[in-house]
Amino acid sequence: MEVYIPEQFKNGELLDVMDRTNIGFRVKTPDGLKDLILEANEINAQIMKNDEVLIIEQDISGKHFVDIEIYDGEDYE
């Protein structure tokens, strides 16, 4: 539903928008709206408003990880 650059602080000071490394997503799921703030990378930086996405959540060694990527649908070929 929304892609945005969230506020980000370093040493207690608000970073200029050009210096921020995070990207935020507001996604509609069957359970309601979900806000995700992730470190921007080549994959999630390509996601646009109204894209269908796949949210991958997993726990590894007691740490929770969340990834988001564009959903291309099932490939049956």
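Percent relative contact order of the chain, based on C-alpha pairs within less than 8 angstrom and at least six residues apart? Before the final figure, lay out each step's value.
On the way: 103 pairs, mean separation 18.0, N = 77.
Value for the chain: 23 percent.
Of all the accessible heavy-atom surface of the chain, with the other protein chains kept in place and a 1.4 Å probe, what percent is carbon and sulfur? Walk me through the numbers on the way to the answer.
Values: 3000 of 6390 Å².
Within the chain, the accessible surface is 47 percent carbon and sulfur.
In nm², what is the average projected area of the convex hull enclosing the Cα atoms of the chain? Could you put the intermediate results ahead of the total?
Working: hull surface 29.8 nm².
So the mean shadow area of the Cα hull is 7.5 nm².
Any chance you could check the Cα centroid distance between segment 1-20 and segment 32-77 for me, in angstrom?
20 Å
Which residues' amide hydrogens lie under 5 Å from the amide hydrogen of Asn22, considering only partners 5 or more residues apart or on another chain, with H built in the peptide plane?
Sorted by chain and number, the residues that satisfy this are Ala40.
Taking 0.36 nm per residue of sequence separation and subtracting the Cα-Cα distance, how much length would be gained by fully extending the chain between Ile56 and Tyr71, in nm to one decimal?
On the way: separation 15, 0.36 × 15 = 5.40 nm, distance 1.12 nm.
Residue separation times 0.36 nm, minus the Cα-Cα distance, leaves 4.3 nm.
Roughly how many debye, to the nearest 20, is the charge dipole of the chain about its Cα centre, given +1 on each Lys and Arg Cβ, -1 on each Asp and Glu Cβ, and no other charges? Walk me through the numbers on the way to the answer.
Details: 7 positive and 19 negative charges, 89 e Å.
Dipole of the chain, to the nearest 20 debye: 420 debye.
The values are calculated or read from the model by the stated rules, or taken from the named source; none is laboratory data. From a predicted model like this one, the values you see are computed outputs, not experimental measurements. Because the Cβ atoms are built from the backbone with ideal geometry, glycine has one as well, and the counts that use them run over all protein chains shown. Accessible surface is based on the protein model in full, side chains and every heavy atom, while ligands, DNA and RNA are left aside. Shrake-Rupley method; radii C 1.70, N 1.55, O 1.52, S 1.80 Å.
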